[in-house]
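**Q** Encoded as structure tokens, here's the structure I'll be asking about.
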Amino acid sequence: MAHRPLEGTRVLDLTRLLPGGFCTLLLADLGADVLKVEDTAGGDYIRWMPPYYGGDEQRADGTASAYFLGLNRNKRSLKLNLKHPEGRDILLRLAEDHDVLVESFRPGVMDRLGVGYDALAERNERLVYCAISGYGHTSPLRERSGHDTNYLALAGLLGLTGRRGGPPIQSAGQIADLGGGGLMAAVGILAALHERERSGAGQVVDISMTDGALSWLAMVIARFFCEMEVPRRGELELAGGILCYFPYKTKDDLWVSLGALEPKFWHNWCDGVGREDLKEVQFEHPQSGAGKKVAAVFRRRTRDEWTEFAGEHDCCLEPVLDLDEALAHEQTVARHMVVELNQPGIGPVRQAGFPIALSRTPAGIARPAPALGEQTDEVLGAIGFDSERIQRLRDEGVV
């Protein structure tokens with residue numbers, strides 16, 4: 001395997017579930033040494049979420065969940081009880097020679113455990129400390145519980161998603177968790193590491209998933225502050241408000257997506273279907289009379305016929321695929337967006353690939369997802385603990 005860009009970067013991952021797991025997956029695929037620090041009860045909750053691969057042995061060691069495997073390749077695992085004084089001391093010791101710590105507890109939890117940023121920075125002033133939470137550490141809502149749909153609702157994104165006159169529609173992808181949380185955290189961490197090369201000091205990266213989701217409305221917000229008109233669901237041009245940029249049902253009751261936003265693409269579509277009369281209605285609403293005429297045109301061909309049409313007429317039209325079709329599509333295959341690795345006790349497992357193609361130092365897979373606490377002895381041995389001391393810590397429930 002070629003050298004990966006983040007090799008030599010050491011990350012302590014105290015997160016659970018999706019946002020933090022996705023962030024550290026990106027870092028791990030890029031070569032960072034990511035150590036999951038998991039509690040001594042059940043570890044990362046996502047380990048126990050169905051569907052499962054394998055049998056009882058895989059379920060017992062926490063490597064059966066498809067969700068867990070999809071987020072935790074290239075990582076190691078340490079079981080550690082942070083509520084025990086010796087567990088806290090071990091984390092402080094580990095922080096001394098790590099570059100990054102990522103956590104996703106509610107604000108204040110790490111401080112109460114005695115391992116907040118101030119305590120960690122005393123041991124390692126170069127540490128980059130990333131905290132992922134729903135609302136951010138300085139928010140008046142910092143203590144409130146929440147999930148992706150709540151953050152999208154508060155950010156205004158959920159309210160703008162759906163058809164005019166219809167209910168808000170949830171996305172199949174977790175926009176706030178992934179785009180507002182995990183991805184923003186990875187960007188923040190990399191920025192802080194880069195800045196550290198100049199200053200020599202670490203810092204706190206405070207990630208609010210609500211803030212991240214709100215930032216995805218950058219163009220909508222810019223327009224609002226210019227016009228001071230509140231946008232409504234199904235009225236925005238790029239979210240269901242114009243007929244040239246809309247999904248349409250086909251003859252075989254499947255769907256295609258038309259994105260003919262520029263006039264040249266819309267004219268290509270009109271010329272291709274022989275409807276010169278529709279060129280002037282490009283920006284009318286899909287529920288208008290013109291929109292119904294366009295919908296009727298789409299009902300005259302099957303999805304495959306429209307896909308063939310798109311190959312002959314440059315008009316920004318693609319089929320709406322089910323997931324199995326998307327994963328087998330030539331685009332996905334050519335870009336290596338499905339990868340396969342060998343998971344011990346299970347065999348070959350396929351997962352989503354890494355979405356950034358680096359020409360010289362590409363991401364890669366160096367190890368499968370770890371069993372719960374799989375590297376505990378290895379990690380403790382590396383900081384000077386002998387086998388007798390490790391066994392005592394295990395007997396006392398510290399590890």
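**Q** Does V128 count as within 24 Å of the chain's Cα centre (by Cα), open to solvent by less than 40 Å² (accessible area, probe 1.4 Å) and of a type in the set (A, V, I, L, M)?
**A** yes
**Q** Next question. State which residue pairs qualify: first residue in a loop (DSSP other than H, G, I, E, B) and surrounded by 12 or more Cβ atoms within 10 Å (Cβ to Cβ) and inside the range 39-58, second residue charged (D, E, K, R) and modelled with pLDDT of 90 or more in any location, beta carbons under 8 Å apart, and separation of 6 or more residues or different chains.
**A** Matching pairs, first to second residue: D39/K79; T40/K79; G43/K36; G43/K79; D44/R16; D44/K36; D44/E38.
**Q** Related question: Scan the range 353-371 residue by residue and report those that are β-branched (V, I, T) and surrounded by fewer than 14 Cβ atoms within 10 Å (Cβ to Cβ).
**A** Passing the criteria: only I356.
**Q** Just one of L154, L178, L141 is more than 30 Å from S288 (Cβ to Cβ) and open to solvent by 80 Å² or more (accessible area, probe 1.4 Å); which is it?
**A** Just one listed residue meets the conditions, L154.
**Q** If only one of R389, R360, R350 is more than 19 Å from S77 (Cβ to Cβ), basic (K, R) and in a helix (DSSP H, G or I), which one is it?
**A** Selected residue: R389, the only one of R389, R360, R350 that is more than 19 Å from S77 (Cβ to Cβ), basic (K, R) and in a helix (DSSP H, G or I).
**Q** State whether one or more residues within the range 14-23 are of a type outside the set (S, T, N, Q), at pLDDT 95 or above, assigned to a loop (DSSP other than H, G, I, E, B) and buried (at least 23 other Cβ atoms within 10 Å of the Cβ).
**A** Yes: the range 14-23 contains one or more residues that are of a type outside the set (S, T, N, Q), at pLDDT 95 or above, assigned to a loop (DSSP other than H, G, I, E, B) and buried (at least 23 other Cβ atoms within 10 Å of the Cβ).
**Q** Got a sec? Which of R394, R350 is under 24 Å from W48 (Cβ atoms), surrounded by fewer than 17 Cβ atoms within 10 Å (Cβ to Cβ), within 28 Å of the chain's Cα centre (by Cα) and not β-branched (V, I, T)?
**A** One residue alone meets the criteria, R350.
**Q** Can you confirm whether the range 60-67 contains a residue that is in contact with a Lys or Arg (Cβ under 6 Å, 6 or more places away or on another chain), over 20 Å from D206 (Cα atoms) and buried (at least 22 other Cβ atoms within 10 Å of the Cβ)?
**A** Yes, that holds for at least one residue.
**Q** Would you call I207 without any contact (Cβ under 8 Å) to a residue 60 or more places away in the chain, crowded, with 20+ Cβ neighbours inside 10 Å and on the phi < 0 side of the Ramachandran plot?
**A** Considered against the rule, which asks whether it is without any contact (Cβ under 8 Å) to a residue 60 or more places away in the chain, crowded, with 20+ Cβ neighbours inside 10 Å and on the phi < 0 side of the Ramachandran plot, I207 comes out as no.
The values are calculated or read from the model by the stated rules, or taken from the named source; none is laboratory data. What you are looking at is a predicted structure, and each value in this text was computed from that prediction instead of being measured. Neighbour counts run over all protein chains shown; Cβ positions are idealised from the backbone, glycine included. Side chains included, ligands, DNA and RNA excluded: accessible areas come from the protein's heavy atoms. Shrake-Rupley method; radii C 1.70, N 1.55, O 1.52, S 1.80 Å.
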